[in-house]
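One structure is given below, encoded as structure tokens.
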Amino acid sequence: MKCRKCGRKAVINMRQHKLALCAQDFLTWFVKQTERTIHRDALFEQGSNVLVAVSGGKDSLALWHVLQQLGYPCNGLYIGLGIDDGSAYSDRSRACAQQFADQHGMNLKVVDVAASHGATIPEAAQVTRRGAGKPCSVCGLTRRYLMNRAALEGGYDVLVTGHNLDDEAATLMGNTMNWLVGYLESQAPLLPEKPGFVRKAKPFHRFYERETAAYALLRGIDYIQEECPYSADAKSIYYKKVLNQIETDRPGAKQAFYLSFLQARDQIQFTGSGERGPLPDARCSTCGQPTRGGRQCAFCSTWQNVRARNKPLEPGR
Ligand code: Q46
Ligand code: ZN
């Protein structure tokens, strides 16, 4: 197959765009498409101060690379979750993020959950009801909170994540299968800023996962290839498989499913129960963040609980 732009040998065929490209033209196309998405979806403006949530994986490192090429002032943020599971997953993903930052002269801020809050994510999951032995719930809550706080404290205009179209389509399938209206309302490539919450954006939300992977590979970015060990039984992996099966039979179906939702959601009357809804009046008594119920926000009450249960017994007790 030949590159549509120059006629050289194509390295990728994007059937949903009816576009095959060589390595050089793909890299140029990928950066331009990211810029187009940022403008078309009004994610942020030229000159915005950007904080990139970096996991050490292909999507977030590719995003950081592209934004730097586009001239946005951007720093990276890595959250150390303390996930080991015999594979030193967190240590290795952090090493990939740090190595990337050093190679490109970029600034990576690291927040280590165990050092700052007294327990790793798997330890926290063992002792909270929220965890019930599985760390994903407490992990998601903690990452969202710490990323938001780091962005606010650092004075950033926007926090960006590397979610691609496969991630978004799988989330959409999960939200739709269970009719999670609040989550459907919040599922958007842009969540505007509001008091206590930084603006959040997903500049890669129109790319297929194989495209972000191709960018990382062709740029020689060294990223952690395996997924978090706790993602193995995640429903999102199952939904991705199902969607890829449909995509094989009907090229473009995955893209149509997600992009049609974005169009339809503008016509749907949501009741404001999701993250995009009105802000609650109540404030967390510990951190001051707006919260929907209770004296404390979910993050502060969860981690207070973790610290209380994790406290070593005093001698003689
Ligand atoms: S939530 Fe769960 Fe992820 Fe956290 S524990 Fe791993 S799989 S990293 S997206
Ligand atoms: Zn709080």
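Would you kindly work out the equivalent ellipsoid of the chain from its C-alpha gyration tensor and give its semi-axes, the square roots of five times the eigenvalues, largest first in whole Å? Spell out each step's value before the answer.
Working: eigenvalues 230, 107, 81 Å².
After diagonalising the Cα gyration tensor, the semi-axes are 34, 23, 20 Å.
Computed extension gain for R219 through K9, at 0.36 nm per residue and net of the alpha carbon distance, reaches 73.8 nm. Under 15 Å from the Cβ of D249, count the other residues' Cβ atoms, weight Lys and Arg +1, Asp and Glu -1, and hand me the total. Once all neighbours under 15 Å are counted, the net charge is +3. Note on K32: aspartates and glutamates with a C-alpha under 19 Å away, same-chain residues under 8 apart excluded, are D41, E45, D59, E209, E211. Beta bridges assigned by DSSP with both partners in the chain are antiparallel in approximately 35 percent of cases.
Our note on the geometry: Cα centres of segment 283-307 and segment 38-55, 29 Å apart. The length gained by stretching the chain between Q98 and D84 to full extension, at 0.36 nm per residue less their Cα-Cα distance, is 3.2 nm. Could you state the angle between the C-alpha long axis of helix 165-177 and the longest principal axis of the C-alpha atoms of the chain, as a value from 0 to 90 degrees rounded to the nearest 10? The helix 165-177 is inclined about 60 degrees to the chain. The angle separating the long axis of helix 23-40 from the principal Cα axis of greatest extent in the chain is about 60 degrees.
Listed by chain and number, the lysines whose C-alpha is less than 18 Å from the C-alpha of K9, apart from same-chain residues fewer than 8 away, are K18.
Remark: the Cα gyration tensor places segment 200-257 in the oblate category, a/c being 1.5 or greater and a/b not exceeding b/c.
Pair-distance distribution of segment 148-294: all C-alpha pairs, bin width 5 Å, starting at 0; shares per bin in whole percent are 2, 8, 14, 18, 18, 17, 12, 7, 3, 1, 0. Inter-label distance, Q46 to S231: 3.5 nm, where each label sits 7 Å from its Cα along the C-beta direction. Our summary of shape: the Cα atoms of segment 14-168 have principal axis extents of 50, 36, 30 Å, ordered from largest down, in whole angstrom. Taking each residue as 0.36 nm, the span from D281 to Q69 lengthens on full extension beyond its C-alpha to C-alpha distance by 72.2 nm.
Distance from the Cα centroid of segment 200-244 to that of segment 90-127 is 19 Å (rounded to whole angstrom).
Relative to the longest principal axis of the Cα atoms of the chain, helix 253-265 runs at roughly 60 degrees.
Can you tell me the dipole magnitude for segment 179-297 around its Cα centre, using point charges on the Cβ only (Lys, Arg +1; Asp, Glu -1), in Debye to the nearest 20? Spell out each step's value before the answer.
Working: 17 positive and 13 negative charges, 65 e Å.
So the magnitude is around 320 debye.
Between R295 and D249, the modelled labels are 5.5 nm apart [label points 7 Å from Cα along Cα→Cβ].
Listed from fewest to most Cβ neighbours within 10 Å, the set S236, S90 follows the order S236, S90.
None of the figures in this text is laboratory data; all of them are computed from the coordinates on show. Not measured: the values here are computed from a predicted model. Every residue, glycine as well, gets a Cβ built from its backbone with ideal geometry; the counts of neighbours run over all protein chains shown.
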